[in-house]
1. Restricting attention to segment 251-276, which residues are among the polar types (S, T, N, Q) and either in a helix (DSSP H, G or I) or modelled with pLDDT of 90 or more (or both)?
2. Could you check segment 81-114 and list, in sequence order, the residues that are under 14 Å from PHE162 (Cα atoms) and charged (D, E, K, R)?
3. Just to verify a result, which residue in segment 391-437, among those that are under 15 Å from LYS477 (Cβ atoms) and either polar (S, T, N, Q) or within 16 Å of the chain's Cα centre (by Cα) (or both), is surrounded by the fewest Cβ atoms within 10 Å (Cβ to Cβ)?
4. So, LEU87, is that one surrounded by 16 or more Cβ atoms within 10 Å (Cβ to Cβ) and not in a helix (DSSP H, G or I) or not?
5. Working carefully through the options LEU356, LEU317, find the one that is modelled with pLDDT of 60 or more and in contact with a Ser or Thr (Cβ under 6 Å, 6 or more places away or on another chain).
6. I'd like the residue in segment 397-424 that is without any contact (Cβ under 8 Å) to a residue 60 or more places away in the chain and among the β-branched types (Val, Ile, Thr) and, out of all such residues, is nearest to ILE373 (Cα to Cα).
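The values are calculated or read from the model by the stated rules, or taken from the named source; none is laboratory data. These numbers were taken from a predicted model, which means no experiment stands behind them. FYI the Cβ positions are ideal-geometry reconstructions off the backbone, even for glycines, and counts take in every protein chain you see.
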Amino acid sequence: MAKKQKNMTRTNLQQTLDFGTTIEKIEQQKSPKYLFFMFLALLFCLPLPLGSNRPWAWAVMEIWIFIIAIIWLAEMCMAKAHFTQALKLSLPAIICWSLWLSIATIQFLPMPQELTTVLAPKLVTIQQQAGLGLANSMLPVSIDPYAALVEWFKGVAYLLIFIMTLLLVENRNRIKILAWTLASSGVVQAITGIVLIASNSSSQNSASGTFINPNHFANYLVMTMAVGIGLIISGVKERDKNRTVKQFFFKFLRLLFSYKTPLRIFLIVIVSAIILSHSRMGNTSLLISLTIAGLISMHSYKKCKGTIVLILVSFILIDLLLIGSWVGIDRVVERIETTKISQELRPQVAIDTINLIKDYWLTGSGMGSYSTIYPRYKSFISDKHFRHADNDYLEFLSETGILGLILLGIPILLSLKTAIKLQQKSQDPLIKGFAFTTTMATVAILIHATTDYNLHIPANTATFMVLLALPWVLWAKDSLT
C-alpha cells in the first residue's frame, strides 16, 4: 500500500513538473514573426500619407490593424500565439480606454428623447429648433452621429495598436527592432522635410515632411527622437569599479562613436528638421521634455551619472545650440519672442470652447463634432474654419465630457508612472533606456497638447500608443531574454 502511494505521489509530481514545463514553453513561445513585421510596416507607413489624416488613409490604418488582430486570434486558436504578461499588467489601462469607447458608442446610438434631454438638454433644444426633435422619439447624444461613428472606429484601431504592441513585442530583439523602425521613420520624415525646404519644393517656409502641418511634423519627430535617445541610453551600463577621468572620457567616446554612430547622426538630422519646422511648441516641448526626462534618468543611475549627463548635455549643446544655430534656431526664438497673445486666435478659440463645454460638460457634444458645433459658439469674425480647438484637452472635454477626459487620461498617467518607476528600480540598461523614451515622449505630448491637436492626427496618436505600451512590456520582462 505504501509502495502504491509512493508511486502515485511520484506520478503526481511528474505531472506537476510536466505541467510547469508546458506553461514555461507556452510563455517562451513567440508570436509569429510575420505578424510582427506587418505591425512594423504599419507603423512605418502611417506618417507617409499626410500623417494618415485623410479618410482613406485612416481607413487603411483601421483595416490593416484589424487584419493583424484577426490573424493573431486565429493563431491563438491554433496555439501559435498566446496572451502575454504585459497584457495582463496593462489591464487597468485597457479597461479605461474600453470604457471611453463605450461612451463614444453611446453617443452615436439613438436613445429615448427623454433620456437625451437629461444627458444633453442643449442638444435636444438644437434638434427641436431644426425640427428633428419633434419628429423623432429617439435621439442620439451626439450632434453629429456619423462623425462619432468615424471617431469610434479610429479609437478601436488605436486601442488595438496598443494591445498588439503588448502581444507582439515580446523580447529584447523585438524591442530594438521596433525602436530602430520608429527611429528610421523619423529620419525619413526629417530628410524629406529638409530636402523639400532646400529645393524650395515646399509651399511653406517651414519643414513639414509628408505632414500638412509643421507642428504635427515636429511632434512626430520629437517622439522618434525620444526613441533614438532611448537606444543610446540602453548602451549605458553601470559598473562598480572606479575610473579615472581619462577612462571615463574614452568610455563616453566609445559609447557615442561605436555602432551607434549612425544613430547619433540620425538624431542630428531629426533635430535639424524639428528646428526647420519653426514650430514654437514643437521646439519648446523638445527642450522641456528632454530636460525633465533627463533629470529623472540621471537620478536613476547611481554609478554612471556622468555618462548620462554628458549624453544629454551633448544633445542640448551640439544638437540644439550648435547645429541649431546653423540651420536657423534664431528664427524659432524670434517667433517665440514676438508672439503676442492678444494677436493669437488660439486664446479666443479656447474661451469659446470653454463656453461650449459648459453646455456639454457631462456627455460632450459627440466625438468628431467639434467642427460642427463650434460655429454656434464662435465669438469673433474670421473666415477660417476651425476643425479643431488647437488644444487637445479642451477638444476632448467638449466632445466626450468630463468623464471621457478622465478615462482617456488615466492610462496615459499610468504608463508614465510605470516608466518612471522602471527607471528608478530596474538595473537593466535596455529597460532604463526605453522607459526614458516613454517618459520624454509623454511629457512632450502633454506639453504640446495645450496649443495643438496632435492627438487627432492618426500617425502621431498611433505612434504614441506604441510608446505608451512599452513600459508594460518592459515591466513584464524585467530581465528580458
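1. Scanning segment 251-276 gives THR261, SER272.
2. Once the filter is applied, which keeps residues that are under 14 Å from PHE162 (Cα atoms) and charged (D, E, K, R), segment 81-114 yields only LYS88.
3. GLN427
4. no
5. Details: LEU317 fails: in contact with a Ser or Thr (Cβ under 6 Å, 6 or more places away or on another chain).
After applying the criteria, what remains is LEU356.
6. Top of the filtered list is ILE402.
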